[in-house]
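As C-alpha cells, the structure follows; a few thoughts come after it.
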Amino acid sequence: MKEKVNEKDVRAMKFMRYTAVIGFLLLMTVVPVFNEYGSEFVRCIGLVLGGAISAVILISVHKYEQLKNDNDIHTYREVIAFMKGESLDNIEKKREAEKYRKQKTLTAVVTFIGLVNMVIAVIMLINELMN
C-alpha cells in the first residue's frame, strides 16, 4: 500500500463501492418486478434496465479493483486502512501478504467449485430440455 494516501482515490473507491451495492439492490428488486408484473413492452424495458444496471455494476467493480491495484491494496484490512487515510507498517504488511496468498488460493478453489456447479446445471438443463 502506498505510504501517501490520495484523498481523491479514497472518495472514488467509496463511490465505486456504493455504486456497486446500490446497483445490486436495484438489480435484485426493481428488475424482477418489471419482468414479473409487466406487459411485453414493460418486460423489454426491464431487460434493458437490467442490462444497463449490470453494465454500471461491472464498470464500478472494475474501477474499484483498478484503484486497489494502483494503490497496492489486497486484503480487507488494507482496504479499511486506506479508506481511513492510514497506512500499514512493514510488519503488518508482511502478515497481510501471507493472508493475501491464502485468500488467492481459497478464491481459486471457490471459483473452480462454482464453475463445476455451473457446468452441472447446464448439463441438467440440456438433459431436461431433451426429454
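Looking at this model, which pairs from Lys8/Lys63; Lys68/Lys104; Lys63/Lys93; Lys68/Lys94; Lys14/Lys63; Lys14/Lys68 are more than 19 angstrom apart at the alpha-carbon? Show your work: numbers first, answer last.
Details: Lys8/Lys63 13 Å; Lys68/Lys104 15 Å; Lys63/Lys93 23 Å; Lys68/Lys94 17 Å; Lys14/Lys63 11 Å; Lys14/Lys68 12 Å.
From the list (Lys8/Lys63; Lys68/Lys104; Lys63/Lys93; Lys68/Lys94; Lys14/Lys63; Lys14/Lys68), the Cα-Cα distance tops 19 Å for Lys63/Lys93.
Using the Cα centre of the chain as origin and beta-carbon charges of +1 (Lys, Arg) and -1 (Asp, Glu), tell me which of Ile120, Phe82, Val30 is placed farthest towards the positive end of the dipole.
Value computed over the given set: Phe82.
Each label point is 7 Å from the Cα along the Cα-to-Cβ direction; what then is the distance between the points at Arg95 and Val110, in nm?
Between Arg95 and Val110, the simple spin-label model gives 2.2 nm.
Pick out which of Ala121, Ala12, Ala108 has the largest mean-square fluctuation in a Gaussian network model of the chain, springs linking Cα atoms closer than 10 Å.
Maximum fluctuation in the GNM of the chain, among the listed residues, is at Ala121.
Which of Ile53, Ile73, Ile113 moves the most in a Gaussian network model of the chain with Cα springs under 10 Å?
Looking only at Ile53, Ile73, Ile113, the largest GNM fluctuation is found for Ile113.
Taking the Cα centre as origin and putting +1 on Lys and Arg beta-carbons and -1 on Asp and Glu beta-carbons, what dipole magnitude results for the chain, to the nearest 20 debye?
Values: 18 positive and 15 negative charges, 88 e Å.
So the dipole magnitude of the chain works out to roughly 420 debye.
Please compute the net charge surrounding Met16, taking Lys and Arg as +1 and Asp and Glu as -1 over other residues with Cβ under 14 Å from its Cβ.
On the way: positive: Lys8, Arg11, Lys14, Arg17, Lys63, Lys68; negative: Asp9, Glu65, Asp70.
Charge balance near Met16 sits at +3.
Can you work out ³J(HN,Hα) from phi for every residue in the range 73-78, in order, using Karplus 6.51 cos²θ - 1.76 cosθ + 1.60 and θ = phi - 60°, giving whole Hz and x for Gly and Pro?
After applying 6.51 cos²θ - 1.76 cosθ + 1.60, I find 10, 10, 9, 4, 4, 5 Hz.
So which chymotrypsin sites (Phe, Trp or Tyr not before Pro) in the range 52-88 are both in a DSSP loop and have at most 10 other Cβ atoms within 10 Å of their Cβ?
Values: sites: Tyr64, Tyr76, Phe82; in loops: none.
For chymotrypsin sites (Phe, Trp or Tyr not before Pro) across the range 52-88 that sit outside H, G, I, E and B with at most 10 neighbouring Cβ atoms in 10 Å, the list is empty.
What label, among [x] 9, 14, 13, 14, 19, 15, 8, 5, 2; [y] 11, 24, 30, 20, 11, 3, 0; [z] 11, 33, 21, 18, 15, 2, belongs to P(r) over Cα pairs in 10 Å bins from 0, in percent computed from the structure on display?
Only one listed value fits the structure, namely [y].
Treat the count of other C-beta atoms within 10 Å as a stand-in for reagent exposure and order Thr111, Thr75 from fewest to most.
Thr111, Thr75
So what are the ³J(HN,Hα) numbers for the range 35-46, from phi and the Karplus equation (6.51, -1.76, 1.60; θ = phi - 60°), rounded to whole Hz, Gly and Pro as x?
6, 8, 10, x, 6, 4, 5, 5, 5, 5, 4, x
Throughout, read-outs are computed from the coordinates displayed, never taken from laboratory work. Note that the coordinates shown come from a computational prediction; the quantities given were computed from them, not determined experimentally. Virtual Cβ from ideal backbone geometry, glycine too; neighbours counted across all protein chains shown.
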